[in-house]
Amino acid sequence: MKAKAIDHICIAVRDLQRARRQYEDVLGLTPDGTYEAPSESIRVVRYYLGDVALELMEPMTPDCEVARFLERRGEGVFLISYRVDDVEAGLEELAAKGLPLIDRKPRRLMGNRYAFILPPKMLGGVLTEILDGTFDRSYDNPTTD
């Protein structure tokens, strides 16, 4: 498996509206879209900086993975997503190497296939995702899954 590019970087925040104001005021960012992912229990605002997206994500429930991350580590970089040719083939290749995968099969969101690959401690403390779809930059889909 070869990572071709960074697709997006996610930052976990406790208060999405406060974080939006800070990022937009300080960095002059303009949102490219917002969405909710009930399967992950998150609300997200997405900004594009060139070909890489920056996502601010807020937990929708106190027991979702983002909420647990905030409880353990506080606000900060939650994950980096890398574009690959084929998520399923990537998972098979990593499994063949005997690596301890988080996901064994691709997940789906907004027409994309993605997977979390290794425990964060194996890649610098950052949750790592692989993705083989493409997000439509014109979306603003408040409840997509």
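The values are calculated or read from the model by the stated rules, or taken from the named source; none is laboratory data. Just so it is clear, the structure is predicted and the values come from calculations on it, not from any experiment. Glycine also receives a Cβ, built like all others from the backbone with ideal geometry; neighbour counts cover every protein chain displayed.
Data for the structure
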read-out: Qualifying strands (runs of 3 or more DSSP E) (wholly inside the range 90-131; at least 1 residues being at pLDDT 95 or above and of a type in the set (A, V, I, L, M)); value: 112-116, 127-131
read-out: Of all residues making up the range 7-33, the number that are farther than 12 Å from Leu54 by Cα and either modelled with pLDDT under 95 or of a type in the set (Val, Ile, Thr) (or both); value: 2
read-out: Hits in the range 45-85 (condition: among the aromatic types (Phe, Trp, Tyr) and either in a helix (DSSP H, G or I) or under 19 Å from Leu118 (Cα atoms) (or both)); value: Phe69, Phe78, Tyr82
read-out: All positions within the range 70-85 that are among the acidic types (Asp, Glu) and in contact (Cβ under 8 Å) with a residue 24 or more places away in the chain; value: Glu75, Asp85
read-out: Residue, nearest to Val13 (Cα to Cα), within the range 42-72, restricted to residues that are surrounded by 16 or more Cβ atoms within 10 Å (Cβ to Cβ) and acidic (Asp, Glu); value: Glu58
read-out: Scan of the range 39-62 for residues that are touching a residue at least 60 places away in the same chain (Cβ under 8 Å) and out of contact with any Cys (no Cβ under 7 Å at 6 or more places or on another chain), ordered by number; value: Ser39, Arg46, Tyr48, Ala53
read-out: When residues of the range 4-28 are limited to those that are hydrophobic (A, V, I, L, M, F, W, C) and assigned to a helix (DSSP H, G or I), the one farthest from Arg83 (Cα to Cα); value: Val26
